[in-house]
Amino acid sequence: MNLTNWGRFGLLAALWGCSFAFIKMSLEAFAPLQLASGRLIVGALVVFAILALKRLSLPSRKIWGHIAVASVFGNVIPFTLFAIGEQHTTATTAGVIQGATPLITMGVAALALSEEKPTSRKVVGLFGGFLGLIVVVGPWNTDGFGTLGGQLACVGAAASYAVSFVYVRRFIGPHKLPALSVTAAQLGSAAVITVVVTTFMTGWTLHGDLTAKPLLALLVLGAASTGIAFALLNRLIADAGPTTASGVNYLVPVFSVAVGVLALGEPLTWNVPVGGIVVIAALALAEGRISALSKRREPAPPVPAVPPVPAAPARVPEKACP
């Protein structure tokens, strides 16, 4: 990658890593469904504006049913569950748990997609990632079911992301649509669904004082960590490829831990960073990044000073001839 793409890579990781702190601050005034609705409305407006600047059109009506399903699993459910989860656990823990999303995606893909055959490397990586996730959650450290329930809500959000990724790949990917068009349609659909659900389930009465802090946090969460972040991801995928872009998942937990501890003053117990390292290592193993790195570090074979004498060609047995 060139320097510009490295900048996009780091900014995307920072925006997603900081999103958990923004969720925590927004919860001071907004209920989880209200927060998810506001985040999606602002994010959709940003992406629609970018779509208009690029003069791209929305997908055709024939796949809007699939887009609606993808928006439920990719936006409505995880955005709401992460907000619910952070009512009972820290932004640090939520961010580390999301780092396990690619591992969960591999597991879902192996079950749902025939071309994603499970290999021994992936199985070991998934098992290691599951153990790392247990260490992050740390059920032995919970203070009542509320905290464990919050952490499990974050796990559910990560699993919902995984279902969405596999669904998009299977039912929307074959149409070869511009990623930004699909993103705009998905965020717009998710915003409408969440607003309707919020209206009939919880209403719009705030459960806290609407001060500048939660309002600004919600606006930044929607505009930057949702709208701009998706645009950055699409550009990074186009310039550097999906494999390189997926590496941003390694940095998201790092930013979430740093922001949670330094900006929010959240406590940090040993199990969160240790479990996070296990999850990241398992992800690297399952994706084949560790083996690729080891091969890259292998020294090149020495160049002989004198070219070797070519051996006489072996005689091909007559049976091998057609």
query = Restricting the first residue to the range 68-87 and requiring it to be open to solvent by 10 Å² or more (accessible area, probe 1.4 Å), which pairs with a second residue that is hydroxyl-bearing (S, T, Y) meet a Cβ separation below 7 Å and a spacing of at least six or different chains?
reply = A68/S189; V69/Y167; F73/S160; F73/S164; F73/Y167; V76/T194; I77/S160; L81/S160
key: Residue satisfying condition, being in a helix (DSSP H, G or I), small (G, A, S), modelled with pLDDT of 85 or more and more than 21 Å from L221 (Cα to Cα), within set A158, A83, A68   = A68
inquiry  = Checking I237 against (1) within 19 Å of I50 (Cβ to Cβ); (2) crowded, with 18+ Cβ neighbours inside 10 Å; (3) among the β-branched types (V, I, T): exactly one of these is not met. Which one?
reply    = (2)
task = Hey, could you check the range 169-185 for residues that are open to solvent by less than 30 Å² (accessible area, probe 1.4 Å) and of a type outside the set (S, T, Y) and say which is nearest to G43 (Cα to Cα)?
result = A184
task = Could you list all residues from the range 217-233 that are of a type outside the set (G, A, S) and either surrounded by 19 or more Cβ atoms within 10 Å (Cβ to Cβ) or under 11 Å from the mean Cα position of the chain (by Cα) (or both)?
result = L218, V220, L221, T226, I228, F230, L232, L233
ask   = Does the range 56-64 include one or more residues that are among the aliphatic types (A, V, I, L, M) and open to solvent by less than 50 Å² (accessible area, probe 1.4 Å)?
value = yes
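Given the options G129, G150, G188, name the one that is among the small types (G, A, S), at pLDDT 90 or above, in contact with a helix residue (DSSP H, G or I) (Cβ under 7 Å, 6 or more places away or on another chain) and part of a helix (DSSP H, G or I). So that I can check it myself, show each step before the final result.
Working: G129 fails: at pLDDT 90 or above; G150 fails: at pLDDT 90 or above.
None of the others qualify; the one that does is G188.
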inquiry  = I need every pair where a residue in the range 122-145 that is surrounded by 18 or more Cβ atoms within 10 Å (Cβ to Cβ) has its Cβ under 8 Å from the Cβ of a residue that is at pLDDT below 85 and acidic (D, E), sequence separation at least 6 or different chains.
reply    = G125/E287
query = If S60 satisfies every condition in (1) without any contact (Cβ under 8 Å) to a residue 12 or more places away in the chain; (2) within 16 Å of I228 (Cα to Cα) but one, which is the exception?
reply = (2)
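State yes or no: is S114 polar (S, T, N, Q), free of Cβ contacts under 8 Å to residues at least 12 places away in the same chain and surrounded by fewer than 24 Cβ atoms within 10 Å (Cβ to Cβ)?
Details: polar (S, T, N, Q): yes; free of Cβ contacts under 8 Å to residues at least 12 places away in the same chain: yes; surrounded by fewer than 24 Cβ atoms within 10 Å (Cβ to Cβ): yes.
Considered against the rule, which asks whether it is polar (S, T, N, Q), free of Cβ contacts under 8 Å to residues at least 12 places away in the same chain and surrounded by fewer than 24 Cβ atoms within 10 Å (Cβ to Cβ), S114 comes out as yes.
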ask   = Pairs, please: C-beta under 6 Å, at least 6 apart or cross-chain, first residue over 7 Å from G17 (Cβ atoms) and in the range 252-263, second open to solvent by 70 Å² or more (accessible area, probe 1.4 Å)?
value = V261/L268
query = Restricting attention to the range 240-262, and to residues there that are closer than 19 Å to R39 by Cβ and of a type in the set (A, V, I, L, M, F, W, C), which single residue is most open to solvent (accessible area, probe 1.4 Å)?
reply = F255
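The values are calculated or read from the model by the stated rules, or taken from the named source; none is laboratory data. Quantities reported herein were computed from a predicted structural model and do not represent experimental measurements. Counting neighbours? That spans all protein chains shown, and the Cβs are built from the backbone with ideal geometry, glycine included. The accessibility values were calculated without ligands, DNA or RNA, using every heavy atom of the protein model including side chains. Shrake-Rupley method; radii C 1.70, N 1.55, O 1.52, S 1.80 Å.
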